[in-house]
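Undergrad: Sharing a structure with you now.
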Amino acid sequence: MILITGGAGFIGTNFILDWVRYSDEVIINLDKLTYAGNLQNLTSLADNPQHIFTHGDICDREKVTALLNRYQPRAIIHMAAESHVDRSIHGPEDFVQTNITGTFRLLDATHHYWKNLTPPQKIDFRFLHVSTDEVFGSLDQQAPAFTENHCLRPNSPYSASKAASDCLVRAYFHTYGLPVLTTHCSNNYGAYQFPEKLIPLMIANALAGKPLPVYGDGQQIRDWLYVNDHCSAIRCVLEQGQPGETYNIGGWNEKPNLEIVHTICDILQTYQPADYHALITFITDRPGHDRRYAIDARKIERELGWKPAETFATGIEKTVRWYLENQDWVANVQSGDYRKWVEINYDGRSIQ
Ligand code: NAD
Ligand code: DAU
């Protein structure tokens with residue numbers, strides 16, 4: 001069996017739902033269920049013995065150790081994190097706690113567990129750390145895309161905490177020989193993404209007739225990766241990646257934010273006609289906003305034979321349709337806490 005951390009979040013949910021489709025191996029899901037974790041996403045697996053949920057914190061070393069000893073996983077996919085850049089600006093401490101301390105405690109417990117495995121089990125074991133392209137910092141317009149060798153230049157408390165966790169993972173390989181793999185992926189989008197992130201926030205606001213808040217001039221560029229492509233890449237790295245190596249995962253879809261928002265408005269118009277474009281509102285920029293990310297994903301293609309299956313056009317169409325068909329899901333996660341977050345992040349910003 002394998003263990004995933006953060007399996008009730010956006011990418012974790014999609015990973016688990018895909019896992020039970022493509023494999024018959026049991027997956028244990030350790031999740032703290034923060035505001036971003038939602039077990040309702042996995043209700044279709046309620047009676048499926050292939051998914052075992054455990055409520056807990058990766059910072060809780062005893063809990064993690066007990067879990068490893070009980071289930072004896074052959075691999076760990078580490079996804080649990082505080083993941084939203086804007087939240088890291090308003091409250092960085094949780095990011096240091098989960099992303100740095102939590103990753104350290106998980107690594108350390110894993111190291112002690114791994115040391116006591118039999119020699120063949122030790123060779124086969126993998127700790128796969130899911131990181132982000134944001135650790136590489138911001139690119140100029142004409143600069144080549146990030147390769148795996150780009151130096152770490154994180155600019156937000158979120159990316160700094162992820163870069164620190166990458167360094168710890170690397171250290172456990174070089175110092176103790178723990179067989180680790182690290183992936184750096186670009187912006188994911190798809191079903192079950194919490195509506196604090198650009199794409200689901202824009203869809204939810206448009207459907208509610210609310211302003212579509214574009215930071216600054218909206219010309220910041222991100223590379224967009226359909227979440228199920230990310231999940232297939234992780235499965236590929238898990239089975240074929242070389243311990244100690246890092247792999248970039250991207251969608252070859254560099255686009256400015258404003259173009260993304262216009263595309264969402266165009267698609268929504270075909271399903272539910274309204275003047276969504278008129279809702280676009282330019283507001284005060286994010287402090288320290290990275291201008292451009294771009295992923296060079298040739299290594300994973302060359303060495304492991306992985307390529308994304310979706311284009312942006314097909315992925316965004318599926319995504320908008322999912323949100324249209326799952327408006328109850330959106331309403332459920334827009335709880336009291338969500339409304340508080342919207343006030344913290346948006347109310348103080350002026351319209352540009
Ligand atoms: P998410 O915020 O949707 O989910 C995070 C999950 O981790 C939640 O279920 C939450 O309850 C859980 N969690 C948080 N703190 C925990 C703790 N201390 N112990 C146990 N569980 C905890 O995040 P996501 O978008 O699914 O991202 C998953 C991973 O992928 C993160 O490591 C993130 O840095 C990375 N990543 C995300 C993207 C993206 O575009 N979403 C891109 C690149 C990398
Ligand atoms: O690049 C990978 C990263 O992508 C992941 O590591 C992070 O976990 C994930 O949250 C994401 O970070 P971003 O900051 O790029 O994603 P977000 O959806 O918050 O914002 C995408 C872009 O849209 C960014 O340039 C900021 C802008 N934006 C975002 C929001 C929420 C707006 O213009 N308005 C908004 O209201």
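The values are calculated or read from the model by the stated rules, or taken from the named source; none is laboratory data. Predicted model, so just to flag it, every value in this text is computed and none were measured. Here the Cβ positions follow ideal geometry from the backbone for every residue, glycine too, while neighbour counts run over all protein chains shown. The accessibility values were calculated without ligands, DNA or RNA, using every heavy atom of the protein model including side chains. Shrake-Rupley method; radii C 1.70, N 1.55, O 1.52, S 1.80 Å.
Undergrad: What residue, of Thr98, Thr34, is in a loop (DSSP other than H, G, I, E, B), within 14 Å of ligand 1 (Cβ to nearest atom) and either at negative phi or polar (S, T, N, Q) (or both)?
TA: Among Thr98, Thr34, only Thr34 is in a loop (DSSP other than H, G, I, E, B), within 14 Å of ligand 1 (Cβ to nearest atom) and either at negative phi or polar (S, T, N, Q) (or both).
Undergrad: Leu106 passes all but one of (1) modelled with pLDDT under 95; (2) buried (at least 19 other Cβ atoms within 10 Å of the Cβ); which number fails?
TA: Of the numbered conditions (1) modelled with pLDDT under 95; (2) buried (at least 19 other Cβ atoms within 10 Å of the Cβ), the odd one out for Leu106 is (1).
Undergrad: Another question about this same structure. Taking only pairs six or more apart or across chains, which ones have beta-carbon atoms under 6 Å, a first residue in the range 186-211 that is touching a residue at least 12 places away in the same chain (Cβ under 8 Å) and over 25 Å from Leu139 (Cβ atoms), and a second residue that is of a type in the set (Ser, Thr, Tyr) and surrounded by 21 or more Cβ atoms within 10 Å (Cβ to Cβ)?
TA: Tyr192/Thr13; Ile203/Tyr323; Ala206/Tyr276
Undergrad: Looking only at residues in the range 5-31 that are on the phi < 0 side of the Ramachandran plot and small (Gly, Ala, Ser), which one is farthest from the chain's Cα centre (by Cα)?
TA: It comes out as Ser23.
Undergrad: Right, another one. Take His90 and decide whether it is within 16 Å of ligand 2 (Cβ to nearest atom), within 16 Å of the chain's Cα centre (by Cα) and not hydrophobic (A, V, I, L, M, F, W, C). First the steps, then the outcome.
TA: Values: within 16 Å of ligand 2 (Cβ to nearest atom): yes; within 16 Å of the chain's Cα centre (by Cα): no; not hydrophobic (A, V, I, L, M, F, W, C): yes.
Considered against the rule, which asks whether it is within 16 Å of ligand 2 (Cβ to nearest atom), within 16 Å of the chain's Cα centre (by Cα) and not hydrophobic (A, V, I, L, M, F, W, C), His90 comes out as no.
Undergrad: If only one of Thr270, Thr263 is crowded, with 17+ Cβ neighbours inside 10 Å and among the hydroxyl-bearing types (Ser, Thr, Tyr), which one is it? Lay out the reasoning, then the answer.
TA: On the way: Thr270 fails: crowded, with 17+ Cβ neighbours inside 10 Å.
Residue meeting the stated conditions: Thr263.
Undergrad: Quick check on the range 228-243: of everything there that is assigned to a loop (DSSP other than H, G, I, E, B) and open to solvent by 10 Å² or more (accessible area, probe 1.4 Å), which residue is nearest to Leu178 (Cα to Cα)?
TA: Filtering the range 228-243 for residues that are assigned to a loop (DSSP other than H, G, I, E, B) and open to solvent by 10 Å² or more (accessible area, probe 1.4 Å), the one nearest to Leu178 (Cα to Cα) comes out as Pro243.
Undergrad: Of the residues Arg74, Arg70, which is open to solvent by 50 Å² or more (accessible area, probe 1.4 Å), away from ligand 1 (no atom under 15 Å from the Cβ) and in contact with an Asp or Glu (Cβ under 7 Å, 6 or more places away or on another chain)?
TA: Criteria check complete, one pass: Arg74.
Undergrad: Please find, within the range 213-227, the residue that is surrounded by the most Cβ atoms within 10 Å (Cβ to Cβ) out of those that are closer than 20 Å to Asp296 by Cβ and among the hydrophobic types (A, V, I, L, M, F, W, C).
TA: Among those that are closer than 20 Å to Asp296 by Cβ and among the hydrophobic types (A, V, I, L, M, F, W, C), it is Leu225.
Undergrad: Might you let me know whether the range 285-293 holds any residue that is closer than 30 Å to Gly241 by Cβ, over 19 Å from the mean Cα position of the chain (by Cα) and at pLDDT 95 or above?
TA: No, the range 285-293 contains no residue that is closer than 30 Å to Gly241 by Cβ, over 19 Å from the mean Cα position of the chain (by Cα) and at pLDDT 95 or above.
Undergrad: Let me ask something else about it. If Arg21 satisfies all but one of (1) part of a helix (DSSP H, G or I); (2) closer than 26 Å to Leu198 by Cα, what's the number of the condition it fails?
TA: Of the numbered conditions (1) part of a helix (DSSP H, G or I); (2) closer than 26 Å to Leu198 by Cα, the odd one out for Arg21 is (2).
Undergrad: Looking only at residues that are surrounded by fewer than 19 Cβ atoms within 10 Å (Cβ to Cβ) and within 16 Å of ligand 2 (Cβ to nearest atom) in the range 1-52, which one is farthest from Glu239 (Cα to Cα)?
TA: Tyr35
Undergrad: Still on this model: I'd like the residue in the range 168-188 that is within 15 Å of ligand 1 (Cβ to nearest atom) and under 23 Å from Lys122 (Cβ atoms) and, out of all such residues, is surrounded by the most Cβ atoms within 10 Å (Cβ to Cβ). Spell out the reasoning first.
TA: Here is the first cut: in the range 168-188, the ones within 15 Å of ligand 1 (Cβ to nearest atom) are 168-169, 180-188.
The next check asks that each one be under 23 Å from Lys122 (Cβ atoms); those that pass are 168-169, 180-183.
Numbers: Leu168: 17, Val169: 24, Val180: 28, Leu181: 24, Thr182: 23, Thr183: 24.
It comes out as Val180.
Undergrad: Output the residues belonging to the range 284-323 that are open to solvent by 30 Å² or more (accessible area, probe 1.4 Å) and in a helix (DSSP H, G or I).
TA: Arg298, Glu301, Arg302, Glu303, Ala313, Thr314, Glu317, Lys318, Arg321, Trp322
Undergrad: OK, next. Looking at the range 204-222, which of its residues are near ligand 2 (Cβ under 8 Å from one of its atoms) and over 15 Å from Thr263 (Cβ atoms)?
TA: Pro213, Tyr215, Gly216, Gln220, listed by residue number.
Undergrad: Look through Ile52, Ile89 and report the one residue that is in a helix (DSSP H, G or I) and touching a residue at least 24 places away in the same chain (Cβ under 8 Å).
TA: Ile89
Undergrad: Same structure, new question: With the requirement that a residue be more than 11 Å from ligand 1 (Cβ to nearest atom) and hydroxyl-bearing (Ser, Thr, Tyr), what does the range 101-128 give you?
TA: Within the range 101-128, Thr110, Tyr113, Thr118 qualify.
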